[in-house]
Amino acid sequence: MTAASQARDLFTELTGSGPVGTWSAPGRVNLIGEHTDYNDGFVLPFAIQQRTCVALGERADGHIRVTSTVEGETVEVDLTGLDLLFPKNRGAVPEWSTYPLGVAWALLRATGVDAASVRGVDLAIASDVPIGAGLSSSAAIEGAVAAALNDTWRLGLDRVALAQVGRTAENDAVGAPTGIMDQMASMLGRADAAIFLDCRSLEADVVDLGFTDAGLEIVVIDTGVKHSHATGGYGERREACERGAAAMGVPALRDLSVDDLARAAELMDEVTFRRVRHIVTENQRVLDTVRALREQGPSAIGELLLASHASMRDDFEISVAELDTAVDAAMAAGAVGARMTGGGFGGAAIALVAHDSVATVTDAATAAFAASGFAAPTIFSVRPSAGAARDV
Ligand code: ADP
Ligand code: MG
């Protein structure tokens with residue numbers, strides 16, 4: 001059953017009648033450009049065919065009620081009470097509900113619309129984006145809810161503004177210090193194309209991937225190792241980047257180029273320097289990848305993907321043994337390139353693979369995980385796909 005029909009069924013179960021419409025937004029895979037987003041740098045994600053779907057109906061009162069196939073607990077609050085919940089009292093509601101409720105809160109705040117002036121809503125949410133696998137189920141739920149409420153409340157925000165609302169929800173309502181990349185990819189995605197995003201200006205260019213013509217596809221190797229954005233290493237990496245930028249006297253690491261690295265090595269401790277070197281070289285790799293795609297096509301980006309993985313493993317230190325195993329196995333089995341994708345500390349690796357090699361790569365990764373005593377990975381292909389939309 002598709003996420004859309006699951007969401008409709010769940011809505012009917014909740015309210016006893018059908019929704020007025022359904023909206024959906026995709027997860028994303030980042031082709032290259034990891035941890036560059038919050039450094040004002042460059043990223044190259046694409047939206048995938050897996051989507052989160054929201055079925056919406058209006059209510060007579062001013063409440064918002066949210067329910068999901070993934071989480072047991074239905075949550076209902078007064079829209080005028082959202083300001084009391086976020087950001088300080090988020091703990092008063094179940095964590096999952098801070099995503100959709102946070103989007104409602106951030107939308108009203110961004111538009112200056114009075115919570116007492118909009119209609120209450122029921123939202124039923126279903127998804128086929130794997131959760132916590134680095135495919136951004138969080139941006140998918142934010143994007144679907146943002147699109148649904150923007151239309152229903154006739155707020156008139158454009159896609160970039162809706163992406164910013166999703167980010168505000170995730171940063172301030174959920175409390176996860178993430179960048180804008182995921183939401184932009186989920187909002188702006190196109191078939192067989194990636195979004196080349198300048199995270200400082202939010203300028204976004206569509207870059208054709210040409211996978212179809214080249215007979216290539218992206219295989220995701222989900223390690224099943226769960227990461228958490230709200231705690232742990234992600235926040236530490238952000239702090240190291242801020243430290244590095246401050247030491248160099250620039251607003252963000254985006255303002256450094258590869259030529260500045262020799263000076264950086266003298267101005268900061270060794271660990272901070274390696275964090276900085278990852279960001280600076282990764283920004284350059286994104287630019288090189290865009291050029292390679294435009295001038296030579298997708299077969300030419302394999303080395304860049306591999307160099308990105310090595311930089312995350314050795315300099316940024318966000319890989320884990322399972323991700324390294326996935327990349328090595330895919331390459332040994334004939335992939336064009338491979339790298340871990342997403343925030344790190346678990347999640348998924350991607351491999352760029354010719355259609356006829358997909359079975360070989362899949363078998364090789366499965367065998368390598370078994371040989372290392374890791375739990376079996378989940379392996380599937382993703383198709384670069386369209387962004388958030390009203391479905392019916
Ligand atoms: P990722 O974005 O990589 O999947 P995150 O930790 O950023 O992982 O976001 C996952 C969290 O988002 C889940 O733990 C849950 O709280 C929330 N979430 C995502 N999708 C859904 C959904 N369909 N229903 C309920 N909660 C969801
Ligand atoms: Mg996420």
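The values are calculated or read from the model by the stated rules, or taken from the named source; none is laboratory data. Fair warning: this is a prediction, and the values are worked out from it, not measured in the lab. Virtual Cβ from ideal backbone geometry, glycine too; neighbours counted across all protein chains shown. With ligands, DNA and RNA removed, areas are computed over all heavy atoms of the protein, side chains included. Shrake-Rupley method; radii C 1.70, N 1.55, O 1.52, S 1.80 Å.
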*Within the range 93-107, identify whether any single residue is among the aromatic types (Phe, Trp, Tyr), modelled with pLDDT under 95, not in a strand (DSSP E or B) and not assigned by TED's automatic domain parsing to the domain that holds ARG313, and answer yes or no.*
no
Has the range 219-241 got at least one residue that is away from ligand 1 (no atom under 16 Å from the Cβ) and under 22 Å from VAL353 (Cβ atoms)? yes
Output for Cβ contacts, cut-off 9 Å, separation at least six or different chains, first residue more than 19 Å from ARG285 (Cα to Cα) in the range 319-344, second more than 16 Å from ligand 1 (Cβ to nearest atom) and aromatic (Phe, Trp, Tyr), reads ALA321/PHE374; GLU322/PHE369; GLU322/PHE374; THR325/PHE369; THR325/PHE374; ALA326/PHE369; ALA329/PHE369
Those residues of the range 268-293 which are over 22 Å from the mean Cα position of the chain (by Cα), among the charged types (D, E, K, R) and surrounded by 18 or more Cβ atoms within 10 Å (Cβ to Cβ) amount to ARG274, ARG277
Those residues of the range 110-164 which are within 16 Å of ligand 2 (Cβ to nearest atom) and part of a loop (DSSP other than H, G, I, E, B) amount to ASP128, VAL129, PRO130, ILE131, GLY132, ALA133, GLY134, LEU135, SER136
Within the range 119-132, residues being more than 6 Å from ligand 1 (Cβ to nearest atom), under 12 Å from the mean Cα position of the chain (by Cα) and either aliphatic (A, V, I, L, M) or more than 18 Å from GLN6 (Cα to Cα) (or both) number 1
Taking the range 47-74 and keeping residues open to solvent by less than 10 Å² (accessible area, probe 1.4 Å) and more than 23 Å from the chain's Cα centre (by Cα) leaves LEU56, GLY57, ILE64
Filter the range 133-170 for residues that are among the aliphatic types (A, V, I, L, M), under 11 Å from the mean Cα position of the chain (by Cα) and farther than 10 Å from GLN183 by Cβ; the one that is nearest to ligand 1 (Cβ to nearest atom) is ILE141
Within the range 155-175, residues more than 20 Å from ARG390 (Cβ to Cβ) and open to solvent by less than 10 Å² (accessible area, probe 1.4 Å) come out as GLU170, ALA173
Across (1) touching an Asp or Glu at 6+ places or on another chain (Cβ under 9 Å); (2) aliphatic (A, V, I, L, M); (3) open to solvent by 30 Å² or more (accessible area, probe 1.4 Å), ALA116 clears everything bar (1)
Of the residues in the range 342-354, those that are near ligand 1 (Cβ under 10 Å from one of its atoms) and surrounded by 23 or more Cβ atoms within 10 Å (Cβ to Cβ) come to GLY342, GLY343, GLY347, ALA348
LEU84 fails exactly one of (1) open to solvent by 70 Å² or more (accessible area, probe 1.4 Å); (2) over 21 Å from VAL20 (Cα atoms); (3) of a type in the set (A, V, I, L, M); (4) touching a residue at least 60 places away in the same chain (Cβ under 8 Å), namely (4)
Flagged in the range 251-263 as over 30 Å from the mean Cα position of the chain (by Cα) and open to solvent by less than 60 Å² (accessible area, probe 1.4 Å), in numbering order, are none
Got at least one residue in the range 215-229 being assigned to a helix (DSSP H, G or I), outside the structural domain of PRO177 (by TED's automatic domain parsing), crowded, with 16+ Cβ neighbours inside 10 Å and modelled with pLDDT of 95 or more? no
